[in-house]
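One structure is given here, and the rest of the page talks about it.
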Amino acid sequence: MSSASEPVIRAAGLTKVFRSPDKAPGLSGSLRHLVRPRHTNRAAVNSVDLTIGRGEAVAYVGANGAGKSTTVKLLAGILIPSSGTVRVAGVDPHRDRLVNARQIGVLFGQRSQLWWDLTVRDSLEVLRDLYGVSRTQFTERLDEFDEVLGLGKLLPVVARRLSLGQRMRADLAATFLHGPAIVYLDEPTIGLDIAAKDSVRMFLRQRVAAGTTILMTSHDLRDIEDVCRRLIIIDDGRIIFDGDLGRAKDAYARQRQLSVQVDAPVDLAALRAGLPEAQVEQGASTRELVVVFDRFAHRATEVLDALTRQVDVVDFRLQEPQIEDVVRRVYRGELLVLPPQGVDA
Amino acid sequence: MRPYLALARASARSVLTYRLTFVFSMFGLIFQLLALLAIWHAVIGAGQVNGLTWPQMKSYLLVAFSCGALVSLYTDFGMAARIQSGMVAVDLTRPIDYQKARLAETVGGVWIELLVAALGWCGVITLLGTIFWPDPVHLLLFVLSLAAVVPLKFLVVYITGLACFWTQNYLGINWARVAVVNLLSGALIPLSFLPSWFGTVAEYLPFAGITSTPALILAGDLHGLAAVRGLLLQVVWALLLWLLARATWATAVRQLTVHGG
């Protein structure tokens, strides 16, 4: 998938070191710092190698402070790397910041790019002029975005009066207005309700389908599953996982969980004998059961059949494996190595 | 040019939102104007001091008031806040020059500042009688000199604003700059009232162009070649500060650490 397309983002040994003052507490500490300043260097991004192909949708995942946002800012030309190289569509982002700015779109979920005191329409018109988008193209794009983002109602509203969900929809339109080939999204669904999240995801899926290369950071793993095909995990400034999202799930998120309510107490031993490869546990009460099973070893219907042979099932709920499980296990250091991406994916 | 015009238009519209904040900040300047008028009226009386008569002093003080209002609304704390809060990251994703963009925004906000200044002029002339008006040639020189205040003052504000890349405390820097500019620009007292060596030095510093030069041209104290030389000095300083600001920016942006997100 990624090997087939030409790379648009290429980073090698990308490193960003931040220097922070090392001050002892209190006045004496401050005075000592004044006389002889001490600093601690911390690599927020530590020799990151990254190759992203045209049209790829990549999830960039990590804990708070892992270096996600710093990477995005390095790729956007906002920060200057301490060492290493970056090329984005043939441009060095920080050296040719203005050239790079034309080909990328950046959305910071926590920082709006709208003019706080202007209506959404006015803000978008300013951006149209900043990026030199023609009036016809402007109208066409807004019409196109309107379907999913429902911009119509937002256009006459002053940005500071928008709800968070509305603001994010307007910000998405602002990010994609100039038709950027590459878009970085830093937590595009942060703080949104389910409906707003859904429209953000649907919009992003459309943009990916239209050929935009997307690199997205998020703590919401549904975002990632809905939009992205490739998963990169960063921890403490280093990339610790890079691979196909589906394969990662198949390899490491195989456990499905079936929660069942029954009408009479169950003989757990007999049930376990019938499902040798599953874990069968008592739930919160004697009438509740939790069965955890490998989705490649058992089908859900097999498990249900085994149960109904013994008791009457009143209700059940099936929980699919979450990419969260993969990430959690990677954090714990359980899955350091994934076999290289093959063509069989 | 189109991007910068768009930014200027945006800030021209945005300033209306802050008209109340602006009016409050103008109170300070208006009180300063009234106090200075009262003091100089008492000092000068019917005679003259350091070559300035009462009508000339009124002209001088009105220009000083206008220069105080100009470039006071948009750039100063707004830019500092964007740097400190990390919003500057958004500004840096735009395909436009940062310095020109901030200048464009400042110019966009000038109209409301001029409006307030004009109200001040009408008020003073109505209440305190006519001011000194020079001949048309010097009036033109004055208008040019007042126009030069905008880039000059913008650059001084902009360069101090860039300090936010190094420090979190902008208020202290702002106060220090206001104190220096007030004294060295002649906003509080005309430079000719400073000790002579100090006044002479101040005349050649960029700050003189922020108040003293246009004020003295309108008051008729700076005329002929001296007026032209004052105007040229403003232009030269604006160009030098433009380059200095560029150099400062190039260093500042390397300091950028965007905290939190």
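The values are calculated or read from the model by the stated rules, or taken from the named source; none is laboratory data. This one's a predicted model, so the numbers in the text were calculated from it and none came from an experiment. Neighbour counts run over all protein chains shown; Cβ positions are idealised from the backbone, glycine included. Keep in mind that these areas ignore ligands, DNA and RNA; they rest on the heavy atoms of the full protein, side chains included. Shrake-Rupley method; radii C 1.70, N 1.55, O 1.52, S 1.80 Å.
Selection over segment B:107-137 of residues that are open to solvent by 20 Å² or more (accessible area, probe 1.4 Å), small (G, A, S) and part of a helix (DSSP H, G or I) gives a count of 2.
Against the definition (in contact (Cβ under 8 Å) with a residue 12 or more places away in the chain, among the hydrophobic types (A, V, I, L, M, F, W, C), out of contact with any His (no Cβ under 7 Å at 6 or more places or on another chain) and in a helix (DSSP H, G or I)), how does B:L243 come out, yes or no? For B:L243, the condition - in contact (Cβ under 8 Å) with a residue 12 or more places away in the chain, among the hydrophobic types (A, V, I, L, M, F, W, C), out of contact with any His (no Cβ under 7 Å at 6 or more places or on another chain) and in a helix (DSSP H, G or I) - is not met. Residue count for segment A:115-164 satisfying the condition of being at the interface with chain B (Cβ under 10 Å from one of its Cβ atoms) and basic (K, R): 2.
Over 24 Å from A:G150 (Cα atoms), touching a residue at least 24 places away in the same chain (Cβ under 8 Å) and either open to solvent by 20 Å² or more (accessible area, probe 1.4 Å) or outside any loop (DSSP other than H, G, I, E, B) (or both) - does that describe any residue in segment A:110-119? Looking for residues that are over 24 Å from A:G150 (Cα atoms), touching a residue at least 24 places away in the same chain (Cβ under 8 Å) and either open to solvent by 20 Å² or more (accessible area, probe 1.4 Å) or outside any loop (DSSP other than H, G, I, E, B) (or both), one finds none in segment A:110-119, hence no.
Hey, among B:S25, B:S11, which residue is away from every other protein chain (no Cβ under 14 Å), in contact (Cβ under 8 Å) with a residue 24 or more places away in the chain and assigned to a helix (DSSP H, G or I)? One residue alone meets the criteria, B:S25. Only residues that are aromatic (F, W, Y), in a helix (DSSP H, G or I) and within 14 Å of chain A (Cβ to nearest Cβ) were counted across segment B:62-92, and they come to 0.
Against the conditions (1) crowded, with 16+ Cβ neighbours inside 10 Å; (2) in contact (Cβ under 8 Å) with a residue 40 or more places away in the chain, B:R177 satisfies every one except (2).
A search for C-beta distances below 9 Å between a residue of segment A:62-75 that is more than 9 Å from chain B (Cβ to nearest Cβ) and any residue that is surrounded by fewer than 24 Cβ atoms within 10 Å (Cβ to Cβ) and part of a helix (DSSP H, G or I), counting only pairs 6+ apart in sequence or on different chains, returns A:G62/A:Y331; A:A63/A:Y331. Scanning segment A:81-98 finds no residues that are assigned to a helix (DSSP H, G or I), open to solvent by 40 Å² or more (accessible area, probe 1.4 Å), within 13 Å of chain B (Cβ to nearest Cβ) and in contact with a strand residue (DSSP E or B) (Cβ under 7 Å, 6 or more places away or on another chain). Filtering segment A:21-70 to residues that are closer than 30 Å to A:Y331 by Cα, outside any strand (DSSP E or B) and either modelled with pLDDT of 80 or more or under 30 Å from the mean Cα position of the chain (by Cα) (or both) leaves A:R54, A:G55, A:E56, A:G62, A:A63, A:N64, A:G65, A:A66, A:G67, A:K68, A:S69, A:T70.
For every residue, the table says whether it meets (1) of a type outside the set (S, T, Y); (2) within 30 Å of A:G77 (Cα to Cα); (3) surrounded by fewer than 18 Cβ atoms within 10 Å (Cβ to Cβ).
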position: B:G220; (1), (2), (3): yes, no, no
position: B:V235; (1), (2), (3): yes, no, yes
position: B:A238; (1), (2), (3): yes, yes, no
position: B:L241; (1), (2), (3): yes, yes, no
position: B:A250; (1), (2), (3): yes, yes, yes
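Please verify whether segment A:22-34 includes one or more residues that are hydrophobic (A, V, I, L, M, F, W, C) and touching a Gly at 6+ places or on another chain (Cβ under 8 Å). Taking every residue of segment A:22-34 in turn, none turns out to be hydrophobic (A, V, I, L, M, F, W, C) and touching a Gly at 6+ places or on another chain (Cβ under 8 Å).
For A:E144, the stated conditions hold: it is open to solvent by 50 Å² or more (accessible area, probe 1.4 Å), under 20 Å from A:G55 (Cα atoms) and assigned by TED's automatic domain parsing to the domain that holds A:T217. Quick one: is A:A101 touching a residue at least 60 places away in the same chain (Cβ under 8 Å), of a type outside the set (D, E, K, R) and within 14 Å of another protein chain (Cβ to nearest Cβ)? No: the conditions fail for A:A101.
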